[in-house]
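Asker: The structure is given below, and queries will be raised subsequently.
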Amino acid sequence: MSAREPALSLAPDAVDLAVDFAGQPLKSPLLAASGCFAYGQQFAEFCDLGRLGGLVTKGISPLPRHGNPAPRICETAAGMLNSIGLENVGVDAFLADKLPFLRGLGVAVWVNFFGTDFETYVDCARRLSRGDGVDALEMNISCPNITKGGIEFGTVPEVAHRLTRACVEVSARPIVVKLSPNAGDVVAMAQAVAEAGAAGVSVINTITGMAIDVRSRRPRLATTYGGLSGPAIKPIALRMVHQIARALPHLPISGIGGVMSGEDALEFLMAGATTVQVGTALFAEPGAIHRITQELRDLLAELGIPSARAAIGVLQPLPAEAPIRPR
Amino acid sequence: MPAAHFTAATAANRALGGGYFVLELEAAEDTPVGAAQPGHFVMLRGEWGRDLLNPRAFSVLAAPSARRFAILGKIHGRGTARLGALRVGERVAVTGPLGRPFLSPRPGTTQLLIAGGVGLPPLHMQARVAAAAGLHTAVELLYGGRSAQDLVLLDQARDFGVRLHLATEDGSVGHRGFITGPLLARLDRAREAAESVELLACGPTPMLAAVRRIALDRDIPAQLCLEENMACGFGVCLGCAVPVHGPRPYAYCCTDGPVFDAREVRWP
Ligand SMILES: Cc1cc2nc3c(=O)[nH]c(=O)nc-3n(C[C@H](O)[C@H](O)[C@H](O)COP(=O)(O)OP(=O)(O)OC[C@H]3O[C@@H](n4cnc5c(N)ncnc54)[C@H](O)[C@@H]3O)c2cc1C
Ligand SMILES: Cc1cc2nc3c(=O)[nH]c(=O)nc-3n(C[C@H](O)[C@H](O)[C@H](O)COP(=O)(O)O)c2cc1C
Ligand code: FES
C-alpha cells in the first residue's frame, strides 16, 4: 500500500490494540511512564487502571532516597523541568507495600530501577526481578539528577554494555534499558545494551536543561539543572526512536516523550516503537491514557489500520523530487 | 477526602480590581469539591492545548452547592491571566478537592486567621464555615495587603460577623504596616486575659515566616498554609517538596499540606 492511497475506514471497535513487547502480551501499547505515576494508588480514584496497557513505577533504588531541595520543578514552554532527585521508597518497602497493589491490576507492571554504582544496580535487578507480579524491569541509566557517578552508565556504550550484562545475568525478568537522550550517540547505546541482552529499550528519558528567573538572578530549580519533559521534547524523542528502529529493527522500543494525544502515540508507533509511554500529560489529566487510547483507536480506524501492531514502523519515505531540467 | 477530575464551565467571573477575580465554576453533576473544607485546593487548567502544560493550584473560596464552587484568583503570570479572562461558558479542567484542610475552630480557643493578599480564600472560608456553625466569636480575621485595593471581599467578611483587623502597607485602610503589627497587639491582649489562641495563616512566604517566628517565640500553636510549585497536586510528581523536621527531610505540599504545623516546617 502506498502512503498516499486512501484506505477504507474501519469501525473503531474492530481495531485490535494488543501488542507484544519482547514476547510479553499487552492489552494496548500505552503505558504510564516512570515518575509520573508514582506507585499507582493515587490514580485509582481518577480512572480504571485495568484499562492501561501497563505502567512503569517510579525509579526504585536499593535504599530509600529523600530527593532534592525545593524548588524541584518549573514549567517551561510546552514542557517542564524537574529535579526530583530520584526520591523513592527503596526496594524493601516497594516489594512489601507497593507491589501487592500493582500485581492485582491485570496490566503489565514494569519496575523502573537504578543504583548509585555498579554493585547496587546489580543488587536492585536481582531483588526486584523476583518480586511477585513484576513483568519486566526498566533500567534507568540516565540518572540526570544524581551527582555521584551515574553519568557514564548512560553515555558510554562499553560501560552501559557491562552494566546491562551484569543485570541481565542476575535478573529473573526481561530488562528494558531506558536510554538517556543526553548520550552522544543513542544508536550506539541501544546497540551496546541490545548486545548485552536487553529485551528492549525505552527512549527517551528527560533532556537536561535549565531556566532562570531574571528578576532574582537565580536558577528556577534548586539544583540549577533538571530534566525537560513534555511536548517540547517530542520531536527529539521521535527522531531517536526512528534512528534506533532503523539501525536495530528487531529490538523492541518503548517510545516516550511529550505524548498527549492518540496522534502523538501513532507517530511513535509509525517511527518504530512497539509501546508508547505517557508521562507529564498525566499531571494535568490523570485519565489522559484512557483518552489517548480511545483517540488512537479512532485514528487507526479512520486510517484503515486494523491493529496497533500493523502501525509499528510503517513510516514511508517522502516521494523523491523530480530532477531539475533546463527550461 | 476522595478527589475527582472533571470538567466545569465558567458560571461567573467577576473582576474585583487590582488583578483580583472571583471565578465561579459549575460542573454538570455533583462533585466532591462541593464538600471541600477551608484549606482544600483545586488544580485548574483551561483549554490551553500544549501550552501552559500544568494546572494551577487555587484554594477553594466557597462551595455553595455540590456542583458549584468559587476561587479567588490574583493575576500573577500567564495562567492566572487566562483564568481571569475566562468568559461565561468557557471550560476548565478541575482536579480536587486536594490536600489537608485547616483544623476547625473549637469552643474555648480563639482562632486568629491571618491572611496576606491572595492568601485570603481559605481563611475567608474558615470564617464563613465558623459563622455558619454559630462560632463567629471563635474566629477573628486579620487581613493585610499593600493598599486598600488589595483587601477584597470585605463586605462578605463583615457579614460573617467575625471581628476584623485590617492593615495596609500604605496606610490607606486600617493599621499602617504589616499585619504582624495588629497580630502582636492582639496576642499581647490575649496573654493579659489568659485567653487561649491559635494562629491560622496563609499569604506570602515572608508573612508566613514572620507568623511562624512569632508562634514559636510565644509558644502558640500555628497552622500555616504553604505554596510550592506543583505539577500534579495529588502526590505523584514529588515536585512540591517542603523542608520539614522529623524522620524525613521533605514533606509534600499537596498531600501532607498545604496546611502544616509551624513547628514542623524546617525554615531558617
Ligand atoms: C495550595 C496552593 C493554593 C493556592 N491558592 C491560590 C489562590 O487561592 N488564589 C491565587 O490567586 N493563587 C493561589 N495560589 C498560587 C497560584 O497557584 C499561582 O499564582 C499560579 O500558579 C501562578 O500561575 P501563573 O501562570 O499565573 O504564573 P507563572 O509565574 O507564569 O507560573 C509559572 C509556573 O509557576 C507556578 N507558580 C507560580 N507562582 C506560584 C505560587 N505562588 N504557588 C505555586 N505555584 C506557582 C505555576 O503554577 C506555573 O507552573 C495557590 C498555590 C498553591 C500551591
Ligand atoms: C516529575 C518526573 C519524574 C520522573 N521520574 C523518573 C524516574 O524516576 N525514572 C525514570 O526513568 N524516568 C523518570 N521520568 C522521566 C519520564 O519517565 C519520561 O521519560 C519523560 O518525562 C518524558 O516523557 P513525557 O514527556 O511524556 O513526560 C520522570 C519525569 C518527570 C516529569
Ligand atoms: S504537586 Fe505533584 S506531588 Fe505534590
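Asker: Partner chain Cβ atoms within 10 Å, averaged over the residues of A:115-124 - can you pull that number for me?
Answerer: The shielding value for this peptide is 0.
Asker: If you don't mind, there's one more thing I want to ask. Please list, by residue number, every one of the trypsin sites (Lys or Arg not before Pro) in segment A:55-145 that is coil in DSSP and has at most 13 other beta-carbon atoms within 10 Å.
Answerer: A:Arg130
Asker: Let me ask you something else. Can you give the Rg to Rh ratio for segment B:174-244, taking only C-alpha atoms and Rh from Kirkwood?
Answerer: Across segment B:174-244, the Cα-based Rg/Rh ratio is 1.08.
Asker: While we're here: Take every residue in peptide A:71-80, count the Cβ atoms of other chains within 10 Å of its Cβ, and give the average of those counts.
Answerer: Rounded to a whole number, the mean comes out at 6.
Asker: Which lysines have a Cα lying under 20 Å from the Cα of A:Lys178, excluding residues fewer than 8 positions away in the same chain?
Answerer: Output for A:Lys178: A:Lys58, A:Lys148, A:Lys234.
Asker: Let me ask something else. State, to one decimal in nm², a quarter of the convex hull surface area for the C-alpha atoms of segment B:107-149, i.e. the direction-averaged projected area.
Answerer: 3.1 nm²
Asker: How much FRET efficiency would the formula 1/(1 + (r/R0)^6) give for B:Ala193 and A:Ala188, where r is the Cβ-Cβ distance and R0 is 51 Å, rounded to 0.05?
Answerer: 0.10
Asker: In square angstrom, rounded to the nearest 10, how much accessible surface does A:Asp117 have for a 1.4 Å probe?
Answerer: 60 Å²
Asker: Viscosity 1.567 mPa s, temperature 4 °C: what is the translational diffusion coefficient of segment B:1-124 from Stokes-Einstein with a Kirkwood Rh over Cα pairs, rounded to a whole number of µm²/s?
Answerer: The diffusion coefficient I find is 88 µm²/s.
Asker: While we're looking at this one, here's another question. For chain B, with every protein chain kept in place, what is the accessible area per residue (1.4 Å probe, Å²)?
Answerer: 41 Å²
Asker: Which log10 I(q)/I(0) values does segment B:113-226 give at q = 0.11, 0.13 Å⁻¹ under the Debye formula, counting every alpha carbon as one identical point scatterer?
Answerer: -0.31, -0.44
Asker: Indicate the residues belonging to segment B:199-236 that lose 40 Å² or more of solvent-accessible heavy-atom surface (probe 1.4 Å) upon moving from the chain alone to the assembly of all protein chains, ignoring ligands and nucleic acids.
Answerer: Going by heavy-atom accessible area, the residues of segment B:199-236 that drop by at least 40 Å² are B:Asn229, B:Phe234, B:Val236.
Asker: List for segment B:40-56: residues with 50 Å² or greater reduction in accessible area, all protein chains versus chain alone, probe 1.4 Å?
Answerer: Correct list: B:Arg50, B:Leu53, B:Asn54.
Asker: Going by the alpha-carbon gyration tensor, a ≥ b ≥ c the square roots of its eigenvalues, is segment A:48-137 rounded (a/c under 1.5) or, if a/c is not under 1.5, prolate (a/b greater than b/c) versus oblate?
Answerer: Cα axes put segment A:48-137 in the oblate bin.
Asker: Then there is this: Can you check what the Kirkwood hydrodynamic radius comes to for chain A, Cα pairs only, in Å to one decimal?
Answerer: 20.1 Å
Asker: Return an integer: the convex hull volume of the alpha-carbon atoms of chain B, in Å³ per residue.
Answerer: Each residue corresponds to 127 Å³ of Cα convex hull volume.
Asker: Cα gyration tensor of segment A:246-305, axes a ≥ b ≥ c as square roots of the eigenvalues: rounded (a/c below 1.5), prolate (a/b > b/c) or oblate?
Answerer: Because a/c hits 1.5 or more and a/b fails to exceed b/c, segment A:246-305 counts as oblate.
Asker: Here is a further query. Within the protein assembly as shown, what whole-number % of the accessible surface is contributed by carbon and sulfur, with the 1.4 Å probe and all protein chains included in the calculation?
Answerer: That share works out to 53 percent.
Asker: Out of segment B:1-105, which trypsin sites (Lys or Arg not before Pro) are coil in DSSP terms and have no more than 10 other C-beta atoms within 10 Å?
Answerer: B:Arg87
Asker: If contacts are Cα pairs under 8 angstrom and at least 6 residues apart, what is the relative contact order of segment B:124-268 in percent?
Answerer: It comes to 14 percent, rounded to a whole number.
Asker: Okay, moving on. Using Cα-Cα distances under 8 Å and only pairs 6 or more residues apart, what relative contact order does chain A have, in percent?
Answerer: 21 percent
Asker: Checking buried surface per residue: for segment A:10-50, which residues lose a minimum of 30 Å² accessible area in the protein assembly relative to the chain alone (1.4 Å probe)?
Answerer: Residues shielded by partner chains are A:Gln42, A:Glu45, A:Phe46.
Asker: What ratio of Cα Rg to 2.2 N^0.38 Å holds for the protein assembly as shown?
Answerer: Normalised Rg, Cα atoms only: 1.06.
Asker: So which trypsin sites (Lys or Arg not before Pro) in segment B:118-211 end up in coil per DSSP with only 16 or fewer other C-beta atoms within 10 Å?
Answerer: B:Arg146
Asker: Charges at C-beta only: +1 for Lys and Arg, -1 for Asp and Glu. How large is the resulting dipole of the protein assembly as shown about its Cα centre, in Debye rounded to 20?
Answerer: Its charge dipole is roughly 920 debye.
Asker: Leaving out ligands and nucleic acids, and using a 1.4 Å probe, what accessible area per residue does segment A:175-325 come to in Å²?
Answerer: For segment A:175-325, the solvent-accessible area averages 42 Å² per residue.
Asker: Charges at C-beta only: +1 for Lys and Arg, -1 for Asp and Glu. How large is the resulting dipole of segment A:201-327 about its Cα centre, in Debye rounded to 20?
Answerer: For segment A:201-327, the charge dipole is close to 560 debye.
Asker: Still on this structure, please answer the following. Counting only protein heavy atoms and rolling a 1.4 Å probe, how much accessible area do B and A lose on contact, total for both sides, in Å² to 100?
Answerer: Roughly 2600 Å².
The values are calculated or read from the model by the stated rules, or taken from the named source; none is laboratory data. The structure displayed is predicted, hence computed values, not measured ones. Glycine also receives a Cβ, built like all others from the backbone with ideal geometry; neighbour counts cover every protein chain displayed. Heads up: the accessible areas ignore ligands, DNA and RNA and are worked out on the full protein's heavy atoms, side chains in. Shrake-Rupley method; radii C 1.70, N 1.55, O 1.52, S 1.80 Å.
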